[in-house]
């Protein structure tokens, strides 16, 4: 028992776990986190390492060599919107004889925002689509919108659009293409949307943000706070964050 106890504790010593959240986490929807572990021991391999955090299943790393790292994905679900965190990760192992299981618990500082669960409101969506068509809004290429993609240089674009760093990696010139949205801004006020309660109205607002920020400028009014209209992925994340915290802070 003394020998197995020594090797069992030695097996889980010198290990450093970490967990990384994905870019977008929505309430009630499984999100894939990356859980990572590093073996800080120089010449000692660790065997049958199990990692577990609150609300997740165990992930197993059968073999982790000295001064090496490995990672896996785990699915975590958070039922409500707002600020959330993962405060601990537990490392355990039945090595060497599967009679005793040794474990250590590590504190973590993984904090993130859980966005509202998006819920489609079909009549409202159809009304906005009709407004969009009535305004003859369309997506063009511009010079001052959000970067959309890298494309070959045709010779007609201004020289300032050339992406010199990417062009230097190959044999052809590449340009930066930006989006230009010509549409009436959509201002979303969750308090004015249909729904049986505030959570359902916020979920409807989250759906509208996801549906329309890639296509047209979208602004948000949450009580006394107003975010001017904008477009693109970054602006969409800003609006979803505001909705996630609305009424919670």
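Counted over all Cα-Cα pairs of the range 2-114, pairs farther apart than 22 Å make up 35 percent. Nearest 10 degrees, 0 to 90: what angle lies between the long axis of helix 233-245 and the longest principal axis of the chain (Cα atoms)? Tilt relative to the chain: about 70 degrees. Can you compute the label reach from residue 63? Point 7 Å from Cα along the Cβ direction, backbone N cut-off under 18 Å, restricted to the range 20-37. Answer for the range 20-37: 37. Normalised by 2.2 N^0.38 Å, where N counts its residues, the alpha-carbon radius of gyration of the range 184-249 equals 0.99. Going from the fewest other Cβ atoms within 10 Å to the most, the residues 204, 110 appear in the order 110, 204.
Taking Cα atoms only, the orientation of helix 2-12 departs from the longest principal axis of the chain by about 20 degrees. Ordered by the count of other Cβ atoms within 10 Å of each Cβ, fewest first, 59, 80, 209 give 80, 59, 209. Where [x] 8, 35, 40, 16, 1; [y] 7, 22, 20, 19, 18, 10, 3, 0; [z] 7, 31, 37, 19, 5, 1, 0 are the candidate values, the label of the one calculated here for P(r) over Cα pairs in 10 Å bins from 0, in percent is [y]. Per-residue Cβ neighbour counts within 10 Å put 167, 198 in the sequence 198, 167, beginning with the fewest. Given the -39500 (n - 2.57) contribution per DSSP H run of 4+ residues, what per-residue ellipticity at 222 nm results for the chain, rounded to the nearest 500 deg cm²/dmol? The per-residue figure over the chain is -7000 deg cm²/dmol. Between 0 and 90 degrees, the angle of helix 198-212 with respect to the longest Cα principal axis of the chain falls at about 70 degrees.
Coordinate-derived values only; no laboratory data. Every value quoted in this text rests on a predicted model; they were computed, and no experiment measured them. As a convention, Cβ positions derive from the backbone with ideal geometry for all residues, glycine included, and neighbour counts pool all protein chains shown.
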